[in-house]
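Below is one structure, written out as structure tokens, with a few remarks after it.
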Amino acid sequence: MSAPAGPPAATSPVEPAHEPTGPSAGDAIDRTLTRRGFLVGAALAGGGLAAATLAACAPVATPGWTYGPTLNPNATGAPAPTPAGSVAASPAASAVASGSPAPSGVIPAGWTQHDIDARAVVRRYLGNLAPALKGIYGDAVFAYLADMLAVSENYPELGAKPSFAQVPNLVLTDAVTPLTPTVVNGVKEFRLTVDEIDQKIDEMKPPVPALGFGKQWPGPTIRVTEGDRVRAIFTNNLKETTSVHFHGVEFQDFTQDGVAFVTQKPFAPGESYTYEFTAERAGSLMYHSHHNATDQVGRGLLGAFIVDPKVDAIKADRDYIWISNDALGGFTVNGHGFPATVPVLAAVGEKVRVRFMNEGVMTHPWHLHGYRMRIVERDGYPLGSAAFDCDTLGVNPGERYDAIITADRPGVWAFHCHILPHAEGSSGMFGMVNTLIVVPKKEHVDAIVQAILA
Ligand SMILES: [Cu+2]
């Protein structure tokens, strides 16, 4: 969402124009956020968790299967009705429209249901992280954010974990949690299953029938070091055949390439199949189904395959995987759509690596607000002197780009696909939307992560 020219959007959240003498986010460094502090702050609204549980059972539109963008987010199961506790806002909006007093809270003049819904989805995204930001950014910035979200209404999400922390298969910050191999005669051996799963695109929607390696979407990250001999054994628990391709590997033996009827026969339900190769070059690679792939990859048979170089020239402080997909469940990042996307967290002074991987069937131009991205690798190949800066990066299907973001200013920065029907509609933002949350100190990130995982 490019900022419109109006005064509110043109103002940085960390330097609110109407708070010229207030402390900036950077001044909040003494107010370190402890896990206890986070939880205390999160306890602001008592019945929040119960309300969120109720909300999870609320009826919503059945997600549809689509290969193309849709202008109606509800058609892809995008934003569900507002949680039970904040539904009260809906009559309020109607009341505004009819000129009657709002039954709860203050609904600004000129707002419509769209505004209520758009705010509700951001409330779900932040959950109890919103009150905790007071200890991170300081009183003035928090007052600005609190006014924007109407925290004074004590809405239920203030007491619930962020949407992304309520869904399974969380791919959180440094938790590019790799699968642990067994080393057999010097070969790193990985064992995975191929499963039918139910995937929750966000915490409020009914799960969609999906597929996953190791029962998760994306599958567990397989991470090795340049030069390693790799053996990956997949057991097919599906009701259909499949094959697995390690995307980007320069195989010596083409029979390990995983393409059904080009390099192998697909393997049947109940069968296991072994791939073995040497990871000869480093980079951000992927693994995915290469049989009935529009369907199988579209339904979640995908994962990151990271080959670390023997000598890491980049040395990022944080490492994020960002696998996009655009079929089942609509527009997703790491198997979830906004507001259940996991924010990229960083502290001022840190260097963050984001590994964009496109497992979908469309190009997605990723736009980061307020920051430049230094693109250092394409498809895992170092760009060297051809590295470039950008704030919008188009990533084609099958491509990977490694971006380095150097965090130097605190704030909550939007980070989304700029094909707008993939990101924002009449019910607010959905799908391929996320944020970069830059906090003043590293311990703030640690506290947030610990609180989320608690
Ligand atoms: Cu897109």
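The values are calculated or read from the model by the stated rules, or taken from the named source; none is laboratory data. All values reported here derive from a predicted model rather than from experimental measurement. When we count neighbours, we look across all protein chains shown, and the Cβ atoms used for this are built from the backbone with ideal geometry, even at glycine.
Summary of computed values
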{"quantity": "The stretch 265-300, residues that are touching a residue at least 24 places away in the same chain (Cβ under 8 Å) and of a type in the set (Lys, Arg)", "calculated": "ARG281, ARG299"}
{"quantity": "Candidates SER272, SER289, SER324, filtered to the one that is under 15 Å from ILE222 (Cβ atoms) and either of a type in the set (S, T, N, Q) or within 16 Å of the ligand (Cβ to nearest atom) (or both)", "calculated": "SER289"}
{"quantity": "Residue count for the stretch 177-193, restricted to those that are outside any strand (DSSP E or B) and either farther than 20 Å from ALA304 by Cβ or free of Cβ contacts under 8 Å to residues at least 12 places away in the same chain (or both)", "calculated": "3"}
{"quantity": "Pairs with Cβ under 8 Å, 6+ apart, first in the stretch 301-329 and closer than 25 Å to THR278 by Cβ, second part of a strand (DSSP E or B) and aromatic (Phe, Trp, Tyr)", "calculated": "LEU301/PHE213; LEU302/PHE213; LEU302/TYR287; GLY303/PHE213; GLY303/TYR287; ALA304/TYR287; PHE305/PHE246; PHE305/TYR287"}
{"quantity": "Every pair of residues 6+ apart whose Cβ atoms lie under 6 Å, when the first sits in the stretch 223-240 and is under 14 Å from ILE306 (Cβ atoms) and buried (at least 17 other Cβ atoms within 10 Å of the Cβ) while the second is modelled with pLDDT of 95 or more and not hydrophobic (A, V, I, L, M, F, W, C)", "calculated": "VAL224/LYS188; ASP228/LYS188; VAL230/LYS188; ALA232/TYR275"}
{"quantity": "Hits in the stretch 256-289 (condition: assigned to a loop (DSSP other than H, G, I, E, B), within 18 Å of VAL194 (Cα to Cα), more than 30 Å from the chain's Cα centre (by Cα) and not small (Gly, Ala, Ser))", "calculated": "LYS265, PRO266, PRO269, GLU271"}
{"quantity": "Residue list for the stretch 360-378, restricted to those being within 21 Å of LEU302 (Cα to Cα) and either away from the ligand (no atom under 16 Å from the Cβ) or outside any strand (DSSP E or B) (or both)", "calculated": "GLY360, VAL361, MET362, THR363, GLU377, ARG378"}
{"quantity": "Selected residue (criterion: surrounded by the fewest Cβ atoms within 10 Å (Cβ to Cβ)) from residues of the stretch 379-388 that are in contact (Cβ under 8 Å) with a residue 40 or more places away in the chain and either outside any strand (DSSP E or B) or within 16 Å of the ligand (Cβ to nearest atom) (or both)", "calculated": "ASP379"}
{"quantity": "Members of the stretch 130-159 found to be in a loop (DSSP other than H, G, I, E, B) and either more than 25 Å from the chain's Cα centre (by Cα) or not aromatic (Phe, Trp, Tyr) (or both), listed by number", "calculated": "GLY138, ALA150, ASN154"}
{"quantity": "Those strands (runs of 3 or more DSSP E) lying entirely in the stretch 389-454 with at least 1 residues buried (at least 24 other Cβ atoms within 10 Å of the Cβ) and within 16 Å of the ligand (Cβ to nearest atom)", "calculated": "400-406, 411-417, 433-439"}
{"quantity": "Single match in ARG374, ARG409, ARG400 (criterion: at pLDDT 95 or above and touching a helix residue (DSSP H, G or I) at 6+ places or on another chain (Cβ under 9 Å))", "calculated": "ARG409"}
